[in-house]
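Note sheet for the following structure.
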Amino acid sequence: MLAILHPQNLVVSSVQAGTADRPNIVFILADDLGYGDLGCYGATDLKTPNLDRLADDGVTFTDFYANAPVCSPTRAAFLSGRYQQRIGLDNALYYQEMGRGLPSDAMTVADDLRASGCTTGLSGKWHLGYDFTRQPLQQGFDHFFGLLGGNHHYFKHMDRIGVPDLWLDNKPIEREGYSTA
């Protein structure tokens, strides 16, 4: 099963099924990706063969609405199933706001999938909290590779104020080269 959803930020939640009866699930959310920007949705000017192939072998959705014009609230609502104001996250987060983010006690789709025996992972931009209790591994994900913040230098792997921001699980890492996640 594949679900391609496309407003807001890149979040990939990849779940490896334990048995043949359980599907693999991949959720993809991307910044500034319009409805018609993928071949599987009719784009002719952009070539997206890998995503098109995934979509052809899975399930695609045609109606997904971002509940906010910025990433953090939409991501929080998507992961928790709750409206962003109900969980106190109605705008984007900044590094200086260490105490804000997705509440550490919020149940996420990753928590539910893990409880059902699935392995969960996230690759890409988290942007739902910087302090330890709000990071992906504390919010139901088994694995994480990506950015905690929302602004990232693609070569230096730092956020906009110079804080290193490339992570593997719960540890910041250093890596050479270009990366958007």
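Coordinate-derived values only; no laboratory data. Quick caveat: nothing in here was measured; it's all calculated off a predicted structure. Please note: Cβ atoms are built from the backbone with ideal geometry, for glycine as well, and neighbour counts cover all protein chains shown.
Overview of values
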item	result
Computed over the chain: relative contact order in percent, which uses C-alpha pairs under 8 Å that are six or more apart	18 percent
Residue with peak Gaussian network fluctuation, the chain [Cα springs, cutoff 10 Å], from Leu166, Leu148, Leu33	Leu33
Gaussian network model of the chain, Cα within-10 Å springs - most flexible of Gly39, Gly146, Gly121	Gly39
Two-site FRET efficiency, Arg175 against Lys47, from Cβ-Cβ distance with R₀ of 35 Å, rounded to 0.05	0.80
Gain on full stretching of the segment that runs from Tyr94 to Asn67 - 0.36 nm per residue minus C-alpha separation	7.8 nm
[x] 1, 9, 15, 18, 16, 15, 12, 7, 4, 1, 0, 0; [y] 1, 8, 16, 20, 20, 17, 11, 5, 1, 0; [z] 1, 8, 19, 23, 23, 16, 7, 2, 1, 0, with the label sought being that of the calculated P(r) over Cα pairs in 5 Å bins from 0, in percent	[y]
With at most 14 other Cβ atoms within 10 Å, longest stretch of the chain clear of loop chymotrypsin sites (Phe, Trp or Tyr not before Pro) (DSSP)	84-153
Intensity falloff of the stretch 133-181 expressed as log10 I(q)/I(0), Debye formula with alpha-carbon point scatterers, at q = 0.19, 0.24, 0.27 Å⁻¹	-0.56, -0.84, -1.00
Length released on extending from Thr119 to Tyr83, taking residue separation times 0.36 nm less the Cα-Cα span	10.4 nm
Inter-centroid distance (Cα atoms) of the stretch 66-95 relative to the stretch 119-181, Å	18 Å
Cα pair distances in the stretch 28-107, grouped into 10 Å bins until the bin that holds the longest one, percent each	16, 38, 26, 18, 2
Ranked Ser116, Ser72, criterion: other C-beta atoms within 10 Å, fewest first	Ser116, Ser72
